[in-house]
Every structure is written in structure tokens, then in C-alpha cells.
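The values are calculated or read from the model by the stated rules, or taken from the named source; none is laboratory data. These figures come from a predicted structure and were not determined experimentally. FYI the Cβ positions are ideal-geometry reconstructions off the backbone, even for glycines, and counts take in every protein chain you see.
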Amino acid sequence: MKLSARILVAITIANAAAAPTVAQATKHWRTPWGDPDLQGSWSNATTTPLQRPAKYGNREFLTREERAQQDKQTSIGTDRRTEAGTPEDVNGAYNQFWWERGWSDGRTSLIYDPPDGRIPPLTPDAQKRIAAQPRPIPLEARADVLDKAAYNGPEDVELYTRCIVRAALPRVPTGYDNNYQIVQSPGYVAIMQEQIHETRVIPLDGKPHLDGGVRQWLGDSRGHWEGDTLVVETTNFSGQVSFEGSSKDMRLTERWTRVADDRIDYRFTVTDEATWTKPWSAAISWSKTGLLYEYACHEDNYGLYGILAGARAKEHAAK
């Protein structure tokens, strides 16, 4: 069995929904103008990690017992609390009610190529570049850092807190907000990402990518159909948003194939000679979900206001 077929079978079996019937498997979903139909609201939520944990070695699939234990931990893990008054306890106030992590899909990693389920080694230049980048600030140290930092304006605060971009492409599952809305028209596919409500408008007209001097937060996406599969290539990243350490010259190839009324097989390949020694690929099952609501990012807007107001207050006090 080919690798892609094995992955699709594994995801299909592992999903809570029943495997598609022969009629479903051979069905062709079409828009009124004849393109493959991917439209609707979808979720890529799963607790299957991007990279394979070392304890599984080269094993691709969980046993039935291992998967059941992982799902059990998912169901109770976020309802545990630690010592009262600690940062960890405050974070624990986000209990299971607030999360939508999904469940294990039965595999040990989303990455299927390389076969070890791990991101390939970094190039020497990438190691130097990443080592020189600012490190994330541990939660327990943020108060001290914020007290000493100079915030002259919003540009001094990270993009995440400024509610500009929450994650680079390709989007992999997180604890919540794993939802997408796909809308199509003749010549275009639009994919709205719940967090932070960015919409990728992808032309299908065969025109080349933007000039290399034009860089964008989420790159420049161009798509085409290969049978029933939407293939999208994205280049021209800005470099201000990085995926797993990628450079601005990363080339992302994504594929969406509808395999059931309620499921899309999604997979991506990232190629970045400035970062990794070879390309690598992952597969994620997208499941049909309900209506998407606005992700407004109010909490971090208040946080940004507080950071800047606090900096001005300290300057005033120092005078």
C-alpha cells in the first residue's frame, strides 16, 4: 500500500466517525460551476503531535490501549489544578470547558515524511540564525522582564500580543480555535482562519507569484486543481512570522482532498534550504464543524493597552 493511502486509512479508522462507504469513497463533490467542492466549516483539531515522541521510535501507529489512555488524559488533564496563587494555577483556570483540542487520530505523529516522524535537522546557518533570535519569556519571569523593558509603542510588543498574526503557515492544531471556513467562486478559493480571522484569497488563474521584493505576513498563495485535489503553493513570506524556525524563503505546498461528506484529507510539504537539510511533510484530517464566530482578540488588546500605559506611568513617576 502506498504511504499516502496508509495515512488516509489510518486517519479514517482512527476518527470517531465511521469509515466512508464505497459510495462515499468514490463520490465527487462539485460546485455549480464544476470545481471540486471543499466549501463549509472545518476543524483540524487533534492531540496527535506534529513530531513523533522519542519513546515511539519508528512506530507509526498507537495501540488501541495507548490511544484510549491519551484520550483519557486529554479529557481530564486540563481540569487539574496546582498550588493556589502560582502562575500555573492561574493558567489552570482555563479548564476543559474552554479547550477544543480534539482527540488522537491513532498515529504517533502528524509528520509522515521523513518516516521517523521528526523535523529534519537544521542547516548550520539556520542553527546560527535561530540561536541569535530572542527566546520566549518564561511565564514566571515575564513580570521582571516587563518591568525593565522600554515600550515606546506597539511596535515594541510581539505580533501575538498585538493581535496581528497568531501563527505562521502552515497552521497546525493547537489547544483551541482550530477552525476554518472555505468559500469558493469561479477562479478563487478563500480560506478564513478563525485565529485571527485572516482570510487567504487564493487565485486559480495560473498567474505567477508576486515579485520577490513583495513580502506578506502569510505569503503569496497560488492554487490549481489536480483532479479532486486543491494544490496551493505559497511563497514570498515576510520573515516576521516563522514556522518552526523557517526563513522568509520557505516554499509551502498544501493539498486539500475531500474524502467524505464530513472530512477533508489535508497535507502539507515545507521546503526551505536555508533552514532544513531536506523537505518534510505532514497530514491532518479536517472534520466538518459548525458555524464559526468572530475571534476578536479582546483580551490581548487590553493587555497591549496595559503594557503601554504602564510604561508611560513609570516614565512619569521617574520624573
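When the residues of region 69-89 are filtered to those that are of a type outside the set (S, T, N, Q) and in contact with a Leu (Cβ under 9 Å, 6 or more places away or on another chain), the one that is nearest to residue 174 (Cα to Cα) is 88.
Every listed requirement among (1) buried (at least 17 other Cβ atoms within 10 Å of the Cβ); (2) within 19 Å of residue 280 (Cα to Cα); (3) modelled with pLDDT of 95 or more; (4) not polar (S, T, N, Q) is met by residue 7 save one, (3).
Within region 260-305, the residues that satisfy the criterion of being touching a Cys at 6+ places or on another chain (Cβ under 8 Å) and of a type outside the set (A, V, I, L, M) are 297, 300, 301. Scanning region 81-101 for residues that are more than 23 Å from residue 178 (Cα to Cα), assigned to a loop (DSSP other than H, G, I, E, B) and not hydroxyl-bearing (Ser, Thr, Tyr) returns 81, 83, 84, 85. Those strands (runs of 3 or more DSSP E) of region 197-280 in which 2 or more residues are in contact with a strand residue (DSSP E or B) (Cβ under 7 Å, 6 or more places away or on another chain), touching a residue at least 12 places away in the same chain (Cβ under 8 Å) and among the small types (Gly, Ala, Ser) occupy 220-226. Scanning region 165-196 for residues that are assigned to a loop (DSSP other than H, G, I, E, B) and not acidic (Asp, Glu) yields a total of 17.
Restricted to region 47-84, and to residues there that are touching a residue at least 60 places away in the same chain (Cβ under 8 Å) and not polar (S, T, N, Q), the residue that is surrounded by the most Cβ atoms within 10 Å (Cβ to Cβ) is 52. Scanning region 213-251 for residues that are under 15 Å from residue 274 (Cα atoms) and β-branched (Val, Ile, Thr) yields a single hit, 235. Looking at region 290-304, can you tell me whether even one residue there is at pLDDT 95 or above, in contact with a strand residue (DSSP E or B) (Cβ under 6 Å, 6 or more places away or on another chain) and either within 25 Å of residue 100 (Cβ to Cβ) or not small (Gly, Ala, Ser) (or both)? No, the conditions are met nowhere in region 290-304.
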